[in-house]
Amino acid sequence: MKAGAALLWAVVLISALAQVGVVHGHRTLLQEWQQEDALRVQLLQEHTRLLLEKSTLTAHGRVDQQARKQLNMTEPGKVQVLSQ
Amino acid sequence: MNAQPNQQTTLSGITRWRFTLVLAVFGCLLGAVLVRLVMLHTVDQPFLFEQGEKRTVREEVQPAMRGMITDRYGKPLAVSTPVVTLWLNPQQVNVQQLPAVAADLGLSRKELTRKVERAATQGRSFLYLKRQVQPELAQQVLKRRIAGIYGDDDFRRFYPAAEITAHTVGIVDIDGKGQEGLELAFDDFLQGSEGSRQVVKDLYGNVIKQLKVNAVPQPGGDLALTLDLRLQYLAYRELKAAVSQHHAKSGSAVLVDARSGDVLALVNQPSYNPNNRASLRAENMRNRAIADLIEPGSTIKPFTVAAALSSGRYFPSSEINTAPGFVRVKNKTIRDHRNYGVLDITGVITKSSNVGVTFLAHQLGAENIWDFFSKAGIGQATVLGFPGEAVGSLPYPEQMDALRLATVSYGYGLSVSPLQLAHAYTSFTQGGCRNPVRLLMNNQPQTKCQRVMPEKVARQVLDMLETVTSKQGTGSRARVAGYRVGGKTGTAHKVGQQGYEDSEYTAVFSGIAPISSPDLVLVVVIDSPQGKEYYGGEVAAPVFSRIMQQALRLRQVAPDDGSVPTLQMAGGPA
């Protein structure tokens, strides 16, 4: 009788401690996940920013202008076609 | 031991009832507390539980990232980027702390304080502080840890190509819902599905506990267009220059891949910048190349001629007498520019003879003309799934009397969109068998084409179209150095309130290059050019030439007019 009660007490205590542990674990994981998610959003934002930057820098109009003004390039005058 | 009776007597005296009284009072208090506890746990429990949940548990919506729109090579045309929408609860926020926030966000201090105070007195608990803020700036505000100020994840749409692709790509509103163009047509596909979860939050809006996940956010699908951004850019630049040079009201250009029917460029003037909502004007937002109908004028003549050739009764060398340069049909006189005398069929196209095509149309009859035109796609929807796509109109054979038939044969009394016209011209380039036009790479190209005319006739018409850009032709200014180019000019009087206007025109050029092995079909429409030049051959043809020249070079199409020396590559097959 006495042994049974002691066992029950032990079970209650262990499960109570386990409950505390699990809640703590949940919060830690949640926090970790939130940090990772924030990082994901941050990377996503950087990715789109770079994408936009790249498309601005490689815009046809800009490349055209730079080729003409800075590199003094023109359309080819004398064209020759190579055929196989 | 004998002290006990003494105590007994003192207890049974005043002290006893005092003791009982104190005990009873405490008993009552305990009872009251017990009753209250029972009340809270049973009667008030649902109410209290609900209120508690309301204050801490939040149903949080997680926005889905909208899909990207790209050109055929994956260059971005519309991209969503994460931003933060800041809002506040006027009930919780301390007005003393607002000026610092206003300074961070560049808002007016006075106005913000006034707005928050008014909202607080009205009992509101939600007020946008600023929408779609850059994440760094939002973090700066949120780091102040002011109670009652919250930040929600949100997305903002950017259009890197701005006005160059504005009409086709379209625009979304501030809530990320499609408003125009493909953003509207494919809204469901692009937007994905929002996620939602139940969380416990503290006063600062930090998530402490996640209770339940109802849905995980699913990002939207990406849309790849058949447009080529480089061609789109140069078509836009040339069109814009021409529209401003001729002080025209508007203009459109449609460039279509002659082999596959892919739309490579689709530009309109005037345009708008979709990144700046403040400057939007409805009349600039219409996609004229798809949504506006024009009377195509003489650009339709090749179809009348092709119908005649397909009937087997005529050949390119068949002769027609167009003298004296005009013909009376019912009580209207149809005129040519001057008396061209006897012309062969090729000459009818070269000189753009109204009398010639009228004769051909009358010989063929309304039934044949209608049949041929509708097979070529004139007055038939292009079915791109674009909002506001125009269908066009072609009168039925029974609606065509002799006069109507004559006008249809040279492009009046029927209407097409510039895209339809370009599509119809692909009949000539695809060996007489027309593929549907395609604007989305996601759509698989259809393998079954619509037979419009025999392959031989398509070739003959191509050769005729080339004569238009010869020195004697009406479209000599459409020529491109190094390439054989064909096309047809068109100048249509615009319809005003009292029938056709005398001095308002639509200048059109519709052409194909290179003729030996067609690669591109381009239609240029300039609406209401002002000034001395208004003919299709004067206004639209030079634009055609400039766009075509650059487009052919970009696509590395080999020159085919024989003026360019061709070298045999060493080691190639003999």
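The values are calculated or read from the model by the stated rules, or taken from the named source; none is laboratory data. Here the structure is a predicted model, which means the values were calculated and not measured. Reconstructed Cβ throughout: ideal geometry from the backbone, glycine too, with neighbour counts over all protein chains shown. Protein only, heavy atoms only, side chains kept; ligands, DNA and RNA dropped before computing areas. Shrake-Rupley method; radii C 1.70, N 1.55, O 1.52, S 1.80 Å.
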**Fill in**
Quick tally, 1.4 Å probe accessible area for A:Thr58, B:Thr491, sorted with the most first, runs A:Thr58, B:Thr491
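Find the sum over both chains of the accessible area lost when B and A are paired, probe 1.4 Å, and report it in Å² to the nearest 100. Present the calculation step by step, with values, prior to reporting the outcome.
Values: alone 28390 and 8450 Å², together 34200 Å².
Separately minus together, B and A give about 2600 Å² buried.
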**Request:** Send over a whole-number figure in Å² for the accessible area per residue of the protein assembly as shown, probe 1.4 Å.
**Result:** 52 Å²
**Prompt:** Using a 1.4 Å probe on the protein chains only, how many percent of the accessible area of the range A:2-71 belongs to carbon and sulfur?
**Reply:** 68 percent
**Prompt:** Along the range B:520-526, what does the Karplus equation 6.51 cos²θ - 1.76 cosθ + 1.60 (θ = phi - 60°) give for ³J(HN,Hα), rounded to whole Hz, x for Gly and Pro?
**Reply:** 10, 10, 10, 10, 10, 10, 10
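Quick one: dipole size for the protein assembly as shown, taken about the Cα centre, charges +1 on Lys/Arg Cβ and -1 on Asp/Glu Cβ, in debye to the nearest 20.
Charge dipole, the protein assembly as shown, about its Cα centre: 1280 debye, nearest 20.
Residue by residue through A:53-62, how many Cβ atoms from other chains fall within 10 Å of the Cβ on average? If you can, show how the numbers build up before the last one.
Working: counts 1, 3, 9, 3, 0, 3, 8, 13, 6, 1.
The mean count of partner-chain Cβ atoms within 10 Å per residue comes to 5.
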**Message:** Straight-line reach only, C-alpha to C-alpha below 26 angstrom: list the lysines that B:Lys75 could link to, leaving out same-chain residues fewer than 8 apart.
**Reply:** A:Lys54, A:Lys69, B:Lys177, B:Lys240
**Fill in**
Here the net charge surrounding B:Tyr410, from other residues whose Cβ is less than 15 Å away from its Cβ (Lys, Arg +1; Asp, Glu -1), is +4
**Request:** Run the 1.4 Å probe and let me know the accessible area of A:His26, rounded to the nearest 10 Å².
**Result:** 70 Å²
**Item:** Span-rule helices in chain B, defined as complete DSSP H runs reaching 30 Å or more along the axis (Cα) with Kyte mean at least 1.0
**Value:** B:16-41
**Cβ charges +1 (Lys, Arg) and -1 (Asp, Glu), total dipole of the range A:2-71, debye** = 180 debye
**Prompt:** Taking the Cα atoms only, what angle lies between the long axis of helix A:60-69 and the longest principal axis of chain A, rounded to 10 degrees?
**Reply:** 50 degrees
**Complete:** Any residue on another chain or 5+ positions along whose placed amide H is under 5 Å from the amide H of B:Ala78 is listed here as B:Ile69
**Prompt:** List the cysteines of chain B that have no other Cys Cβ closer than 4.7 Å: which are they?
**Reply:** B:Cys28
**Asked** So what is the calculated 222 nm ellipticity per residue for the protein assembly as shown, using -39500 (n - 2.57) for each DSSP H run with n of 4 or more, over all residues, to the nearest 500 deg cm²/dmol?
**Response** -12500 deg cm²/dmol
**the range B:469-510: chymotrypsin sites (Phe, Trp or Tyr not before Pro) in DSSP coil with no more than 13 other Cβ atoms inside 10 Å** = none
**Request:** From largest accessible area down, sort B:Arg131, B:Arg124; use a 1.4 Å probe on the protein chains.
**Result:** B:Arg124, B:Arg131
**Prompt:** Under a Cβ-Cβ cut-off of 13 Å, what is the net charge of the residues other than B:Gln191 that fall near it, where Lys and Arg count +1 and Asp and Glu count -1?
**Reply:** -4
**Fill in**
Taking placed amide H atoms and a strict 5 Å upper bound, the residues 5 or more places from B:Val172 or on another chain that come that close are B:Gln179
**Prompt:** Mind checking which aspartates and glutamates have their C-alpha under 14 Å from B:Lys130, skipping anything on the same chain fewer than 8 residues away?
**Reply:** B:Asp104, B:Glu111, B:Asp152, B:Asp153, B:Asp154, B:Asp175
**Item:** Cα centre as origin, Lys/Arg/Asp/Glu Cβ charges: chain B dipole, Debye
**Value:** 1300 debye
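Check each of the chymotrypsin sites (Phe, Trp or Tyr not before Pro) in the range B:176-232 and keep only those in coil by DSSP with at most 14 other C-beta atoms within 10 angstrom; list them in order. List each step's numbers first, then the result.
On the way: sites: B:Phe186, B:Phe189, B:Tyr204; in loops: B:Phe186, B:Tyr204.
Taking the range B:176-232 and a limit of 14 other Cβ atoms within 10 Å, the loop chymotrypsin sites (Phe, Trp or Tyr not before Pro) found are B:Tyr204.
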**Item:** 13 Å beta-carbon shell around B:Gly325, net charge (K/R +1, D/E -1)
**Value:** +3
**Complete:** Using the Kirkwood radius over Cα pairs of chain A, the Stokes-Einstein translational diffusion coefficient at 37 °C and 0.692 mPa s, in µm²/s and rounded to a whole number, is 164 µm²/s
**Fill in**
Taking the dipole of the protein assembly as shown about the Cα centre (Lys, Arg +1; Asp, Glu -1; charges at Cβ), the one of A:Ala10, B:Leu293, B:Ser244 that reaches farthest to the positive side is A:Ala10
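Within chain B, what's the longest run with no GluC sites (Glu not before Pro) in a DSSP loop and at most 15 other beta-carbon atoms within 10 Å? Give the range, please. Don't skip to the end; give the middle numbers.
Numbers: sites that count: B:Glu194, B:Glu533.
My reading of the result: B:195-532 is the longest stretch.
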